[in-house]
Structure formats: C-alpha cells, structure tokens
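The values are calculated or read from the model by the stated rules, or taken from the named source; none is laboratory data. These figures come from a predicted structure and were not determined experimentally. Note that we place each Cβ from the backbone using ideal geometry, even for glycine, and neighbour counts take in every protein chain shown. Just so you know, the surface numbers come from the protein's heavy atoms only, side chains and all, with ligands and any DNA or RNA stripped out. Shrake-Rupley method; radii C 1.70, N 1.55, O 1.52, S 1.80 Å.
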Amino acid sequence: MQALVIAAHGSHLSAGSSTPTFDHADTIRAVSAFDEVRESFWKEEPHFREVLRTVDADEVYLVPLFISEGYFTEQVIPREFRLEEWEPELWDSDGTSADTATLTAEDTGQTIHYCGPAGTHDAMSDVIVQRAQSVTDDPDVGDGFGLAVVGHGTERNENSAKAIEYHADRIGERDRFDEVQALFMDEDPEIDDVTEYFESDDIVVVPLFVADGYHTEEDIPEDMRLTDDYRTGYDVPTTVDGHDIWYSGAVGTEPLMADVLLERAADAGADVGDAIQRVKSETGGAEASGD
Amino acid sequence: MQGAHLDALVTTAADGIAFDGLVVEPDDGGYVVEVDGDSHAVETDDDLRRVATEYPAYVSNWYFWHASAPQKADRWAFLRWIEGAEERTVPERYNALAEGVTQTWGQLRITARIDDGNRRYDISHVDDTAADATLERYDDPLDARTLVKHDDDGKYRPLKTAPTLRTGWQFVDLDPADLVQTVEFVYPATVANWHRERTGDLDVNHWRETMERQSGIYGVVQTWDRGKGYEHVNWVAEACCDDSQCLKRREWEYDDETELDVDGGDGEFPCREPCSLVISAARRWTKLEGEQPQTYEFELTPSEKEQVERIVEAVADGETEAIREADVYDGANRYRTRFLRAKLFDDEGNLCGVETDAE
Ligand code: SF4
C-alpha cells in the first residue's frame, strides 16, 4: 500500500486557505494512483503531528504544498512529522533542486519518502503558463504579452526569490512570451513598478503563492494600482500606465497544480501508472510540454 | 447469510477459528464447532457447512470483521466500539443492530444497523433528529470537509473539535470504511489517538516539551515558562481546553511530573499535546504577560464595577448574541454597555479618562 500525504500551511483565520489543497487532493483521488490520499496542515487538522497515524499505508509519499525550500520544508515539516535522522543535506539542494529523501517516522514506523516542495518542481513552470492561459482565456497566450512571476523577496527566505527566478528563467527560455520577469513584494525589482519593467502592452501577472489570501488578494492588487481598495475589486485586465494587466491570483489554485504533487511523488518512486497523463488531461495540462 | 461467508469459513477452518463466541477447531480429520455453549463434532466440510448454517449471525459476524471491515487496528476497534462488540454477544448485537445502535462521538451521532445482511452507518449532528426529512443528505465522506468549515452562524471553525459543529445535515447508508473516513474528516486523528489510549500507547507531549519544540516566530513561547510556576498554563487550559471550548479531553499536563490544576474534561477522545491554536495564543500571551502591572485609579459605582465583570463574563462565555435587545437588566446588554462607554470613556477611548501608561 502507498499513500500520498500533502503538507500545506492552512490558516486559523481564513476558511479558504485549505481549499486548493482539498481540490488537488481530490483530483489525485479521482485517478486512484494511491491507496490513500490525505491532506495535512500546520494550522489546521489533521495537523502535521498527527496525520501519519491516520494513514494505513506503510509507504508514504510526503509532498509539501509550499512554494520554496526553506524554514518550513527543512525544519518545521520534518520535525513535526518526526522524520528520524532528517537533515537538509539529504536533499543535496542548491535551493531549488530538492528531490527526495527516504526516512522513518519515529511515532508510526512508516517509511516516508520526503519530497521537495511542489513550488520548485520543473512542472511548476507549466502551471504558471497554464495560469496565464486561464486568466487570459487564451490557450496560445504569449505573443505580444509579457509575463511577471511574483513572490516574496529574500527578506523572509533567500530561496523564495530563487524559486521565482528559477521559473521565470525557465519560462523565458521557451520564448513563448515576449518578456518574462521575476518581480518581488519586498525588494527590487518591485511589483509596485510592474509597468516599468515591461515594453509589452499586455502583462500577465502570476503570483507564486499556494492559496489566495492577504498577499494575493489585498497587497499585490493595491501595490500594482489595479485598485485603490481591494474590497472594491478590479477588472481583468486593468489598464495601468497604458499597459493592460492580467492579474491571475495565486498560481496554487490552478487545477494543473495536482500534477506537480503527483510528479513529486512519482519522482520519489511512487507507482502512479498513467495517473500523470490522466491528471494532465483532466486539468487542461495535456498540451503543456516539458522543456 | 451469504454462500461466500460459508465458503470462507470452510476454507479458513483448517487454521482454526475463535472469534466472538464462534470456535472451529480442526480435530482428527474433522472439526469441533462450538457456539454459544453448544458443541458439535463434524467430520466433513459439508457437515461443517450444515452446522454453520444454523448460526448465521455468528458466521456473518466473523466474516464481516475479517473480510469487510477496515483492518487497520484503530478503525477496526472503533467500529467494534460503535456496536458494543466487547459487551454484547453476537445474537444480542444482531438484535440491536436490526433496530439500530447509536453512539455519540463529539457532536456526532453515529448509528450502526444491519440492512439486508450488511452493516450500514448513518451520521448526523446530536442536536438534530435523525429522522428529520429536512436534513441535507450526503453520502460522500469528502463532503464532510466542507461541512465542518463553518458553524451555524457561518463563522470559520479553526478548531475541528470546537463544540460548534454545524447542524442540518446527515450522512446516510455509509459502508464501514466510509463511516470511519467521514468521522476522520470531522474530527481528524481522534480515532487513532483514542485507540492508542485504549491500548496504552498514547504518546502525550506535555506543555513544556511542546513549547520547547517551537521555533521561528513561535520560539518566544519558551520564555513564558520560568522556574517552577505553571499557573499561566492553568489559565491557558481553562481558557482554551475546557469542554465548553473543545471536545477533546486534555491529557497533556505542564510536564510529566506536574499536573495542571484544571480538569481535562470528559471528552470521548484524548488531546495529546497543545494544538496549534493554543500555541498561537500562547505566543500572544507570552508578549502580553511580559508587561508589568501598574496601579490605575478609576471611580466606578458598585453597579458599574459589576457591569464590567459581567461584560467580561458574557464575552468569555459567548453569551453576547443571546442577550436580548431590551434586556437592560443584563450588564452586558448593548444599550447598557453603550451607556457605560458614553459616560466613562473620553474621546480617546480611555476608561474614566485615565491614560494607559506604557512605562
Ligand atoms: S490543546 Fe486544548 S484546545 Fe487544543 S485540541 Fe487540545 S484540548 Fe482542544
């Protein structure tokens, strides 16, 4: 038996925070690639501390639904899941290249294949592109468009900026969009000046966040001057300084995100059969090629 | 009883069976069958089959627990608990299940019954009447995740075991695996921890060790514990873990030598360590409790002093919504409270015009 356990942040204050996690879990449940799929949270229940004991399988693929490597993936999750003898070096990562490490959970004895976060998997670049397609309602979006990939800067976590740049570079190399630029909330190049960084008339802005919340719904739209007050909403696209800004909201709500979770587990050795193809075709990612 | 049950019994008989009052032992090329104090010696598989047919409840019961019920030890034990398997004989149980056997799990009412030879389960809120035709019907356990997100007033429930579960729904006709899964979505990990406790294997992490484990923005909570004092943790437990706030029975204490002075509650399922809500609140309290007390001087009438006390009580017990609009005899009534503010607060919101001294 094999199980997939998704580790996400969750929230004490916002009911919607866990919704994308549930949605992606359900997409994976529907293709029956695992005997069990279970969501777990840092701020909700089942908590990281206790989810493993609710799972029957001895073989568990643990995938963090987080954007970057850092404090949560290196300290909090391994500690709370009680992964014996974990050390970040086991991932041998340069900040965006974590793959998997096989460990034992101290309290349950299960074998845990601890995977790198969803956000730094190569398939995430496809999700960003897919998000751009969704928000513009154009499967061929690219020509005449700029793409901004947005995240926190290094202030909170140096790897957070690396993940943003990693995907911006990868998508840039595909020559699909006229321009691709990584932008940040708390450092240069800043999201406030988004129109200064693009020549294209149309700019798709995709924030690399797992769920919509304060940053993606309030901060970023106001910083980009899509609206003076997030409560009044904004149009998609909104014209700012003569550019049309297509703001997509959190990339993590894109259905294709389920594919990234699945690929993480498959890379770690999970037997998922044709589930990856099926999830891709069901979530609109069938055409999204690798590199 | 289905033929498949008998087939399985005959196939397994060679290894011996002893379960819930049904015993089959290989003996001298045949078998000895013991049920309910009756003993039968049989020679062939066909004889075994014939004798077994006389005890349909025992055979189908044996089959259910070995082939139909989830085999994970805690799920299995939970399903046994629901129908009182350790207290009732098989015929008693089957009689009861024909009518429906009901247990309470937090705010869940779980009913087990036998329908057409199969165990089926229904779940509803304890405050709803299960027969109420207006309850929304569900049969997919995954839907429980959405149901438990908000209370009846539409407020988000960050703590799954808060006694604020929504009413107005029912899950009907679940099979055993779906029953356990639904319960697990409503009250995650409660079945596993309950079972661990029953088997003497509950891994309690007390307050001290849980706080010492915290890092990042929560690391500061470690500084709240000083010396031997644990009164602050009594207050936390009284504030958050009381049965009126959380249905788990608190099993964690200050440390493994120091019990808290506050009762852990009567919940069916245990709480094995301070939860994330308590840790977040403790972070806030660590900061607030670092302040030094000051002496303030206010002039209040005796009734005003009592009114302030009543307002604190009403907020702490969640009573404010229930206080009637015109009930000016209740100190926490809105008009009474607005009057108090109009009379005693200055323009900056200071009580009796006395400034908060930040020194
Ligand atoms: S720590 Fe207290 S509030 Fe939290 S789950 Fe346990 S008993 Fe409930």
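Screening B:Val220 with (1) within 11 Å of chain A (Cβ to nearest Cβ); (2) out of contact with any Pro (no Cβ under 9 Å at 6 or more places or on another chain); (3) assigned to a helix (DSSP H, G or I) gives one miss only, at (1). Give me a count of the residues in region B:203-217 that are within 12 Å of chain A (Cβ to nearest Cβ) and of a type outside the set (A, V, I, L, M). Number satisfying all stated conditions: 8. When restricted to residues that are in contact with an Asp or Glu (Cβ under 7 Å, 6 or more places away or on another chain) and at negative phi, region A:236-254 contains 6. Screening A:Thr19 with (1) open to solvent by 20 Å² or more (accessible area, probe 1.4 Å); (2) without any contact (Cβ under 8 Å) to a residue 12 or more places away in the chain gives one miss only, at (2). Looking only at residues in region A:102-119 that are free of Cβ contacts under 8 Å to residues at least 60 places away in the same chain, β-branched (Val, Ile, Thr) and within 19 Å of A:Val76 (Cβ to Cβ), the one that is nearest to the other protein chains (Cβ to nearest Cβ) is A:Thr108. For region B:274-290, residues that are over 26 Å from B:Gln103 (Cβ atoms) and within 11 Å of the ligand (Cβ to nearest atom) total 8. Taken over region B:250-269, residues that are over 24 Å from B:Tyr156 (Cβ atoms) and either within 9 Å of the ligand (Cβ to nearest atom) or buried (at least 21 other Cβ atoms within 10 Å of the Cβ) (or both) amount to 5.
Within region B:191-210, residues that are of a type outside the set (Lys, Arg) have Cβ atoms under 7 Å from residues that are part of a helix (DSSP H, G or I) and surrounded by fewer than 19 Cβ atoms within 10 Å (Cβ to Cβ) in these pairs: B:His195/B:Ala73; B:His195/B:Ala77, counting only partners at least 6 apart in sequence or on another chain. Checking each residue in region B:252-271 for being touching a Lys or Arg at 6+ places or on another chain (Cβ under 6 Å) and among the charged types (D, E, K, R) picks out only B:Asp255.
Scanning region B:270-281 for residues that are open to solvent by less than 30 Å² (accessible area, probe 1.4 Å) and either without any contact (Cβ under 8 Å) to a residue 40 or more places away in the chain or among the hydrophobic types (A, V, I, L, M, F, W, C) (or both) yields B:Cys271, B:Ser276, B:Val278, B:Ile279, B:Ala281. Considering only residues of region B:50-64 that are out of contact with any His (no Cβ under 9 Å at 6 or more places or on another chain) and surrounded by 17 or more Cβ atoms within 10 Å (Cβ to Cβ), which is farthest from the other protein chains (Cβ to nearest Cβ)? Result: B:Tyr55.
Scanning region B:152-165 for residues that are more than 13 Å from every other protein chain (Cβ to nearest Cβ), among the β-branched types (Val, Ile, Thr) and touching a His at 6+ places or on another chain (Cβ under 7 Å) turns up nothing. If you go through region B:209-240 and keep only what is open to solvent by 20 Å² or more (accessible area, probe 1.4 Å), within 15 Å of the ligand (Cβ to nearest atom), closer than 26 Å to B:Pro188 by Cβ and touching a helix residue (DSSP H, G or I) at 6+ places or on another chain (Cβ under 9 Å), you end up with B:Arg213, B:Tyr218, B:Ala239, B:Cys240. Of the candidates A:Val236, A:Val260, A:Val206, A:Val210, the single residue that is open to solvent by less than 10 Å² (accessible area, probe 1.4 Å), touching a residue at least 40 places away in the same chain (Cβ under 8 Å) and not assigned by TED's automatic domain parsing to the domain that holds A:Ala98 is A:Val206. Taking the condition without any contact (Cβ under 8 Å) to a residue 12 or more places away in the chain, surrounded by fewer than 21 Cβ atoms within 10 Å (Cβ to Cβ) and either touching a strand residue (DSSP E or B) at 6+ places or on another chain (Cβ under 8 Å) or not in a helix (DSSP H, G or I) (or both), does A:Asp143 pass? Considered against the rule, which asks whether it is without any contact (Cβ under 8 Å) to a residue 12 or more places away in the chain, surrounded by fewer than 21 Cβ atoms within 10 Å (Cβ to Cβ) and either touching a strand residue (DSSP E or B) at 6+ places or on another chain (Cβ under 8 Å) or not in a helix (DSSP H, G or I) (or both), A:Asp143 comes out as no.
B:Leu165 fulfils the conditions (1) buried (at least 19 other Cβ atoms within 10 Å of the Cβ); (2) touching a Ser or Thr at 6+ places or on another chain (Cβ under 8 Å) except for a single criterion, (2).
Working only within region B:267-306, note down all residues that are more than 14 Å from chain A (Cβ to nearest Cβ), under 18 Å from B:Val221 (Cα atoms), of a type in the set (A, V, I, L, M, F, W, C) and in a loop (DSSP other than H, G, I, E, B). Answer for region B:267-306, where residues must be more than 14 Å from chain A (Cβ to nearest Cβ), under 18 Å from B:Val221 (Cα atoms), of a type in the set (A, V, I, L, M, F, W, C) and in a loop (DSSP other than H, G, I, E, B): there is none. Of all residues in region B:114-125, how many are closer than 25 Å to B:Val148 by Cα and in contact with a helix residue (DSSP H, G or I) (Cβ under 7 Å, 6 or more places away or on another chain)? Selection size over region B:114-125: 2.
Within region A:45-68, the set of residues being among the polar types (S, T, N, Q) and under 21 Å from the mean Cα position of the chain (by Cα) comprises just one member, A:Ser68.
Of the residues making up region A:239-254, those that are within 16 Å of A:Glu179 (Cβ to Cβ) and not in a strand (DSSP E or B) are A:Asp241, A:Gly242. For region B:103-138, taking the residues that are of a type in the set (A, V, I, L, M, F, W, C) and open to solvent by less than 20 Å² (accessible area, probe 1.4 Å), the one that is nearest to the chain's Cα centre (by Cα) is identified as B:Trp105. Looking at B:Gly200, B:Gly264, B:Gly229, just one residue is more than 30 Å from B:Val180 (Cβ to Cβ), more than 14 Å from every other protein chain (Cβ to nearest Cβ) and either at pLDDT 95 or above or in a loop (DSSP other than H, G, I, E, B) (or both), and that residue is B:Gly229. Of the residues B:Pro141, B:Pro188, the single one that is touching a helix residue (DSSP H, G or I) at 6+ places or on another chain (Cβ under 8 Å), more than 8 Å from every other protein chain (Cβ to nearest Cβ) and open to solvent by less than 60 Å² (accessible area, probe 1.4 Å) is B:Pro141. Being in contact (Cβ under 8 Å) with a residue 40 or more places away in the chain, surrounded by 15 or more Cβ atoms within 10 Å (Cβ to Cβ), over 14 Å from the mean Cα position of the chain (by Cα) and more than 16 Å from the ligand (Cβ to nearest atom) is true of B:Gln170.
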